[in-house]
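Colleague: One structure, pasted below without further comment.
Where a number appears in this text, it was derived from the coordinates with a stated rule and is not lab data. These numbers come from a predicted model, not from an experiment. Every residue, glycine as well, gets a Cβ built from its backbone with ideal geometry; the counts of neighbours run over all protein chains shown.
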Amino acid sequence: MAKKITLLGSTGSIGTQSLDVVRAEGFEIFGLSAHSHVDLLLAQIEEFHPRAVCVTDPAAAQKLDAALAGRAGAPLLLRGPEGLRELAAMQGPDVVLNSVVGIAGLGASLAAIESGHDLALANKESLVTGGHLVTQAVEQHGVKLLPVDSEHSAIFQCLQDAESAKSLTKILLTASGGPFFGMKADELKNKKKEDALRHPNWNMGAKITIDSATLMNKGLELIEAVWLFGLPPEKIQIVVQRQSIIHSAVQFSDHSILAQMGVPDMRIPIQYALTWPRRGGPAAPELDFAALKVLTFDVADEETFRCLAACKKAIAKGGLGPCAANGANEEAVKLFLEDKIGFLDIGRLVEAVVDSDRFGGSYTLADVYECDRMARAFVHAHL
């Protein structure tokens, strides 16, 4: 019987690449969600015939409702953040893949876990903002948390031998360095969104591409790795690997290192999360070592790219520190994409919000959302 998937964020970059994997593997789609891209969602409905769909934007939901009116076999239409959580919790799929962008994905991740679903997680903000809540729920409900980010998938793949995994001493978390690698503040101060959106290796959505340019993405992935693999941040080394061929590596007690390599194509980690523990067929082009010629390694520049430094401060503070950093970043990136602030303002604002409070201690889901609200308000108060 074909595996059934609920795919949250099906019209985004990860979502559309996930559907490539679904086609190749012959999986079935139980549910789909989108924010506002109704035309693409309609095409996906016609191809995959989901039982239920959710649209979180009210106007877009109304448009989809009108388009589906009178159609035989039309899926159940859910709306808004509540509908997204309801879709994530619905019984029927074997796995829920959450590729929603931002903190908007946290509630859906928790709903899927609490309903007993294995969760393939591309929404890194679920762990960044609510890592304690998510990992506690995973343990309580006995489900699997399968990483989709290329770096965390690489680490996960390298730790499949349970005996070796007990000897893990260090994680080498790789970064491409983004489009501005090697530049200093004077060169970055006038960079526009068009410059920042030109990633040298990866084809991604706008928000994560900006995060890659600021190195915020690597800071978020550092926080995510702490929750996923149980190592303290000082045991996770960020290594710039410009070609994006080594996706991350692990070091064991004997100083042996295992790395996962492949072309920079998100369909590889997506497929591994959806087929685990087996491997599927070719999801992407083969890596040609003869054409590769060279692999380079470097150190991330935290002095210039302050988002990474801010994330390390946030981890050290604990509690809601990472949530505050994420909320400030989401709001700052939105303003940057609207041409309302400069590129370097993103790092300035993220670091400022982390420096503004102690943030330690335990927290509830309500606390997470309140911290996110306050971080966004802080950004607007300090433009």
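Colleague: Which cross-chain or sequence-distant (5 or more) residues have an amide H under 5 Å from the amide H of Asp118, H modelled 1.01 Å from N in plane?
Modeller: Val96, Lys144
Colleague: Could you work out the percent of alpha carbon pairs in the range 4-148 separated by over 19 Å, rounded to a whole number?
Modeller: Taking all Cα-Cα pairs of the range 4-148, the fraction more than 19 Å apart is 45 percent.
Colleague: If you build a Gaussian network model of the chain, linking Cα atoms that sit under 10 Å apart, which residue out of Leu84, Leu172, Leu188 swings the most?
Modeller: So, out of Leu84, Leu172, Leu188, the one fluctuating most is Leu188.
Colleague: Can you compute the FRET efficiency between Ala66 and Ala43 using 1/(1 + (r/R0)^6), with r the Cβ-Cβ distance and R0 = 22 Å? Round to the nearest 0.05.
Modeller: Taking R0 as 22 Å, the efficiency between Ala66 and Ala43 is 0.85.
Colleague: Fewest to most neighbouring Cβ within 10 Å: what's the order for Lys189, Lys317?
Modeller: Least to most surrounded, the residues fall as Lys189, Lys317.
Colleague: On a 28 Å Cα-Cα criterion, which of the cross-link pairs Lys124/Lys192; Lys124/Lys191; Lys207/Lys312; Lys191/Lys218; Lys144/Lys334 come out too long?
Modeller: Lys144/Lys334
Colleague: When we measure straight from the Cα of Lys235, which aspartates and glutamates land under 16 angstrom away, once same-chain ones fewer than 8 places off are left out?
Modeller: Cα-Cα hits under 16 Å: Glu151, Glu221, Glu224, Asp254.
Colleague: Next question, about the same structure. List His152, His49 from most exposed to least, where exposure is judged by having the fewest other Cβ atoms within 10 Å.
Modeller: Lowest count first: His49, His152.
Colleague: Just rank Cys371, Cys54, fewest to most, by other beta-carbon atoms within 10 angstrom.
Modeller: Exposure proxy ranking, most exposed first: Cys371, Cys54.
Colleague: For the chain, set up a GNM with springs between Cα atoms under 10 Å and report which of Gly70, Gly83, Gly347 has the largest fluctuation.
Modeller: The residue that fluctuates most here is Gly70.
Colleague: Could I ask something else about it? Over the alpha carbons of the range 225-348, what is the largest minus smallest coordinate on each principal axis, giving the biggest first in Å?
Modeller: 43, 38, 31
Colleague: Rounded to the nearest Å, what's the spacing between the alpha carbon centres of the range 15-43 and the range 92-133? Just the number, please.
Modeller: Going from one Cα centre to the other spans 17 Å.
Colleague: Among Lys191, Lys293, Lys313, which one shows the biggest mean-square fluctuation in a GNM of the chain, springs joining Cα atoms closer than 10 Å?
Modeller: Highest fluctuation of the listed residues: Lys293.
Colleague: Taking the Cβ of Cys54 as the center, what net charge do the other residues with Cβ under 13 Å away carry, scoring Lys and Arg +1 and Asp and Glu -1?
Modeller: After counting each charged neighbour, the total is -1.
Colleague: Moving on. Translational diffusion coefficient, Stokes-Einstein: compute it for the range 153-381 using the Kirkwood radius over C-alpha pairs as Rh, at 37 °C and 0.692 mPa s, and state it as an integer in µm² s⁻¹.
Modeller: 176 µm²/s
Colleague: Here is a further query. Working from the alpha-carbon coordinates of the chain, get Rg over Rh, Rh being the Kirkwood radius.
Modeller: Ratio of gyration radius to Kirkwood radius: 0.95.
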